[in-house]
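Below: the structure, in structure tokens.
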Amino acid sequence: MKIHRAIAVIAVLGLPLPATAHAADIKLLEGNALNAVMEELGPQFEKATENKLVVTLGTSAQLKARIDGGEAFDAVLLTKAALDELATAGKVADAPRAAIARAGIGVAIRKGAAKPDLSTTEAFKQAMLNAKSIGFVDQTPTAAALKAIFAKLGIADEIKAKLKPLTIQAAVAVTNGDVEIAMTQISEILPYPGAELAGPLPPDIQTYTTFSGGIGAAAKNAEAAAALIKFLTSPDAKALIKAKGMEPG
């Protein structure tokens, strides 16, 4: 899915506009977890620099596969692990590369549904055992973390029949009634009015995924792409990232 962000809003970044620079179209490959953040920061960056973002959304695995397949891009926002692999392969420049945000896993339910008790690891375990269906998007860091947690809690076999791999956003799945409970990064739950954050995973089993930004080794608009990465690490950007349920850097 491609999104062209060109909404004019008041810029909050102190990036001076180069007097002789020409506006550039920046091809950005963007992980889903950062979409809520970029829906606000993207227009701010465009207003501040007169550049435009042409965005392709997807999971980090999907976007990495596209890059591995030879797709051209200027900037990319992926999990740190995926970005590091692309840099090692020579497809992402060594600099600038920066940690943008860290996201924890949250439990999504349909808006207005009874919230499960997630206050302790034992309560989380019982919530999983009591749930009629549990969904998460497979081939993601969240899926890998949850499978390890279920095994650690000794319930992997008991809940296997109720696990439902999702091909749509977890928050959309609970909104539609496809599953009773869905899990994903908290930042992917908060923007959806039909879904509700029941709570984060308990601290002793919570896991975090770091999302980082970089520019293509063969970027056509490398200077503009580098300005975007700088923008996403600014104090104003960090404040918004925190407001969207993630931790900056």
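The values are calculated or read from the model by the stated rules, or taken from the named source; none is laboratory data. Note that this is a predicted model, so its numbers are computed, not measured. Cβ coordinates were reconstructed from backbone atoms using ideal geometry, including for glycine residues, and neighbour counts include every protein chain displayed. Only protein heavy atoms, including side chains, enter the accessible area calculation; ligands, DNA and RNA are left aside. Shrake-Rupley method; radii C 1.70, N 1.55, O 1.52, S 1.80 Å.
The share of C-alpha pairs in the stretch 85-175 whose separation exceeds 21 Å stands at 43 percent. The alpha carbons of the stretch 124-249 occupy a box of 52, 30, 28 Å along the principal axes, longest dimension given first.
Over the chain, all Cα pairs binned in 10 Å intervals from 0 give whole-percent P(r) values of 8, 31, 32, 20, 9, 1, 0, listed from short to long. FRET efficiency for the pair ALA148 and ALA72, taken as 1/(1 + (r/R0)^6) with r the Cβ-Cβ distance and R0 = 30 Å, rounds to 0.25. These residues, LEU163, LEU57, go from largest to smallest accessible area, 1.4 Å probe, as LEU163, LEU57.
These residues, ARG66, ARG110, go from largest to smallest accessible area, 1.4 Å probe, as ARG110, ARG66.
The Cα center of the stretch 190-235 and the Cα center of the stretch 43-95 differ in position by 11 Å.
Ligands, DNA and RNA excluded, the heavy atoms of THR167 present near 140 Å² of accessible surface to a 1.4 Å solvent probe. Phi-derived couplings, Karplus 6.51 cos²θ - 1.76 cosθ + 1.60 at θ = phi - 60°, listed residue by residue for the stretch 171-181: 5, 5, 4, 6, 4, 6, x, 5, 9, 6, 10 Hz, with x used for Gly and Pro. Solvent exposure of SER133, expressed as accessible area, is near 20 Å², computed with a probe of 1.4 Å over the protein chains only.
Where a ≥ b ≥ c are the square roots of the eigenvalues of the C-alpha gyration tensor, would you call the stretch 60-129 rounded, which needs a/c under 1.5, or, failing that, prolate if a/b is larger than b/c, or oblate? In terms of gyration-tensor shape, prolate. Listed by chain and number, the lysines whose alpha-carbon sits under 27 Å from that of LYS27, ignoring those within fewer than 8 places in the same chain, are LYS2, LYS47, LYS52, LYS64, LYS80, LYS91, LYS220, LYS230, LYS238, LYS242, LYS244.
Among beta bridges identified by DSSP and lying wholly in the chain, the antiparallel ones come to about 65 percent. With each label modelled as a point 7 angstrom along the Cα→C-beta vector, the ALA161-ALA23 pair spans 5.9 nm.
Taking each residue as 0.36 nm, the span from THR120 to LEU197 lengthens on full extension beyond its C-alpha to C-alpha distance by 26.1 nm.
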